[in-house]
Every structure is written in C-alpha cells, then in structure tokens.
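Student: The structure that follows is given in the form of structure tokens.
Please treat every number below as a calculation from the coordinates, not as lab data. For clarity, every value in this text was computed on a predicted model and none was experimentally measured. No Cβ is skipped: glycine too gets one built from the backbone with ideal geometry, and neighbour counts run over all protein chains shown.
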Amino acid sequence: MIRKNLANGVTCLNLICGCLSILYCIRVDLQTAASFIVAAALFDFLDGFVARLANAYSEIGKELDSLADVVSFGVAPGFILFSLFYYDSNFLGIDFDPMRNWYSFAAFLLPCGAALRLAKFNIDKRQSDGFIGVPVPSIGFVVASMPFIVFDNKTPEWLSIFLVHPITLIFIILGLCYLMLSEIKLISLKFKTYDVASNKSKYILLVSGVILFFLLQFKAFPLIILSYIFISLTIGKESKEIV
C-alpha cells in the first residue's frame, strides 16, 4: 500500500512547493517564490520516476499530477507575474491599484492557459511519444526565471524596466499561453533507448541546457525553452523523433 502511494506522495510535494511559491509571492519575495517553482519541477520529474520504479501507475496519480501542475506551474507563476506588475509601479512611479490598473489581472490568464493545456494533454492520444504545445512545467520555468533577471544587480536597469513594463508583461503572458495551447510538435525527453542516432535531438538539448544553466543559472531558462522549441522543429523533425 505504501509503495503504491509513494509516487502520489511525491506529487503532493510538488503541490506543496507550488503553495509555498504563492505564499512567498504574497510576502513579495519573488526569488524565493521562483525557487519553489524549480523545486516543484524536481518533484514533478521524480513522481514519474518513482511510479516507474515501484510499478505504481494509476488513474488517480495521473489526475493528481495534473492538478498539482496547475498550481505549481500555472497559479504560482501567475502570482509572480501579478507581483511583477506591482514592481512596475516602483520603476515607473505609478500608484498600484489592481482595480484601477486592471491590466494586472492579465497575469491570471496564465493559470487558465495551463489548466486548458493540461486538460487537452490528458485526453489527446497524439501525445504519447511527444508533446503538442509547450508543456506547462516549461512555461513555469520561464516565469520563474524572471525575478532572477529583473532583480539581478548585473542586469542593466533599462532591461529590468522593459521586462516589467505592462505592455511587455502582457505580451509575455499572451505568448506563453499561445505556446501552451498551440499545435507545435515538440520532442519528449523520455528515452525508450539510449542510442545516439535515434535520440540525437534529446542529447543535444540536454547538453545545451546543462551548458546554459552552468553559465547563467536560473536566468538560462528562457534560452533553454527557446532551444527546446528550435531543436524540436529542426533536428527533431530531421531525425524522425517527432512526426
């Protein structure tokens, strides 16, 4: 019984990290909030690994995983984006009032997009070997990187101001929602075999991702996701890893 529920326990740790991320958004500690999204992604990876190891797949686990992902990679990033609209007031010298600055509620389009993406994924039989649309955790990584970019002392002030400008944030939100719900075909990082020839794009993505993360840490996530899309649409198609 314990073995069967071990993977669900790991999924719940993913959910708890998402809740803690929201809590730290409320406390206006966005880098800690972003760190909990990264921790949630680690547990999101581990629950599948534990399920395979314990041979404990279940329909409950599948649905629980999606519900946890909505919170950790949809709602929590939505709160980070909403908070960045708040920081916009500090940079631009405007009074922040969510009821007056109604555009700030655009941040909550992201949780809606994440929920729609996960619902679509759960019933779409075409996504057994790859993804159609960018996976929700990848979008969570992009948003999680933003506090580390905006509030890094090495980031030029003009870039920080640009990233938290309302128009920029709205375009980022709409772009991320589009990527989640689009029909773009992307590779999966699940390995059926480990030979290089049939997994060329996966190995290239893993190596480039490690190098970018080593050089830029959390700030590398947007570049890694762009690399993921580019490699999927070029090398992945050429090597028949996606159809």
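Student: Mind listing the long-range amide H neighbours of residue 185? Cut-off is under 5 Å, sequence gap 5 or more, other chains count too, H placed in the peptide plane at 1.01 Å from N.
Tutor: Counting only residues 5 or more places away or on other chains, the set is 133.
Student: For the stretch 155-172, what does the Karplus curve 6.51 cos²θ - 1.76 cosθ + 1.60, with θ = phi - 60°, yield as ³J(HN,Hα) per residue in whole Hz, taken in order and with x for Gly and Pro?
Tutor: 6, x, 4, 4, 6, 4, 5, 4, 5, 9, 5, x, 5, 4, 4, 5, 5, 4
Student: Next question. Per-residue counts of other Cβ atoms within 10 Å, averaged by peptide: what ranking do you get for 137-144, 152-159, highest first?
Tutor: Sorting 137-144, 152-159 by mean packing, highest first, produces 137-144, 152-159.
Student: Past 31 Å, Cα to Cα: identify those pairs from 125/200; 125/219; 125/202; 62/185; 62/154; 154/190, in the order given.
Tutor: Exceeds cut-off: 125/219; 62/154; 154/190.
Student: Same structure, new question: How large is ³J(HN,Hα), in whole Hz, for each residue of the stretch 108-120 in order, when computed from phi with the Karplus curve 6.51 cos²θ - 1.76 cosθ + 1.60 and θ = phi - 60°, using x for Gly and Pro?
Tutor: 8, 5, 5, x, 5, x, 5, 5, 5, 4, 5, 5, 5
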